[in-house]
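Each remark here refers to the structure printed beneath this line.
What follows is calculated from the coordinates using simple rules that are stated; it is not laboratory data. These numbers were taken from a predicted model, which means no experiment stands behind them. Using ideal geometry, Cβ is built from the backbone for each residue, glycine included, and neighbour counts are taken over all protein chains shown.
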Amino acid sequence: MRVITVANRKGGTAKTTTVVNLAYGFAQANKRVIVLDLDNQGHVMHGLKALGCVQQSDITELPLNTFFTSIVKCAGNIYATDVDTCNANTNEEITLDVLRNWCDSEAVTKHFDIVLIDTPPTLSPQLMAALSAATDIIIPATPLPLASDGVQKLLNACRNAMAERKFRATKLTILPVMVEQNLKLHRQELSNWYGRYGRSKVLNPIRKSIKLAEAFAENKPVFAYAPNSRGAHDYTELCKQLIG
């Protein structure tokens, strides 16, 4: 089972925007996707709601059943967990392998090709379990010096956990988001990332686009809201890169 965890310990780094649009892009490529929303704000459903959501009780058992209320079908190939935003406890004791075991269970693998995990912007048991379950870890960040410091620290922590076999991920990449190519600082920091980590470790950039924010306000992925926009183009290319 391919499990893609999108993580950054800083808020406002387009984690949820990335998860929602990857889910839609993968589904368009005929991949069966389930999204786990581990942020107790439950914002993933805000980005998918307009696709039409129908509760499903027969897909598979829930992981972390005190955190989630149900699994809902959002579109033909997209399913997502609905978060209990009133009672979801981010300090609940969660073992490191609980999500990994769920993702690898027959109940999940027979229904889905990809598990996408959105994570909270805090060092929580949910985040650690999501990183442990991942086969692919994506760290979204805006190319700025302060953001780079946070990326480096998270990369180091993940690499150490992978070396100790606490994490099973084989792909650990950075996703530049909210990139403005006309800003010299963005260009310089992107160049630094390419030099420090190598081109293969830095994914295709997502440029800054108001359509991405507007799409979320309309409860849609950008593909469904503005299919010809810059944001839709960039996430299409990202999906191709990840599938390829």
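Some notes on this structure:
- Only residues that are polar (S, T, N, Q) and in contact with a strand residue (DSSP E or B) (Cβ under 7 Å, 6 or more places away or on another chain) were counted across segment 99-141, and they come to 2.
- Flag not set for Lys10, criterion: charged (D, E, K, R), surrounded by fewer than 24 Cβ atoms within 10 Å (Cβ to Cβ) and part of a helix (DSSP H, G or I).
- Any hit, segment 165-181, residues being at positive phi, buried (at least 17 other Cβ atoms within 10 Å of the Cβ), hydrophobic (A, V, I, L, M, F, W, C) and not in a strand (DSSP E or B): yes
- When we screen Ala161, Ala141, Ala157, Ala213 for residues that are buried (at least 20 other Cβ atoms within 10 Å of the Cβ) and either among the polar types (S, T, N, Q) or within 30 Å of Val83 (Cβ to Cβ) (or both), the only hit is Ala141.
- Residue match in segment 187-210 (condition: in contact (Cβ under 8 Å) with a residue 12 or more places away in the chain, under 21 Å from Ile34 (Cα atoms), assigned to a loop (DSSP other than H, G, I, E, B) and among the basic types (Lys, Arg)): no
- Gly150 being small (Gly, Ala, Ser), farther than 21 Å from Thr18 by Cα and either in contact with a His (Cβ under 7 Å, 6 or more places away or on another chain) or not in a strand (DSSP E or B) (or both): no
- Checking each residue in segment 155-168 for being touching a residue at least 60 places away in the same chain (Cβ under 8 Å) and closer than 29 Å to Ala27 by Cα picks out only Arg168.
- Every residue from segment 13-49 that is in a strand (DSSP E or B) and aliphatic (A, V, I, L, M): Val33, Ile34, Val35, Leu36
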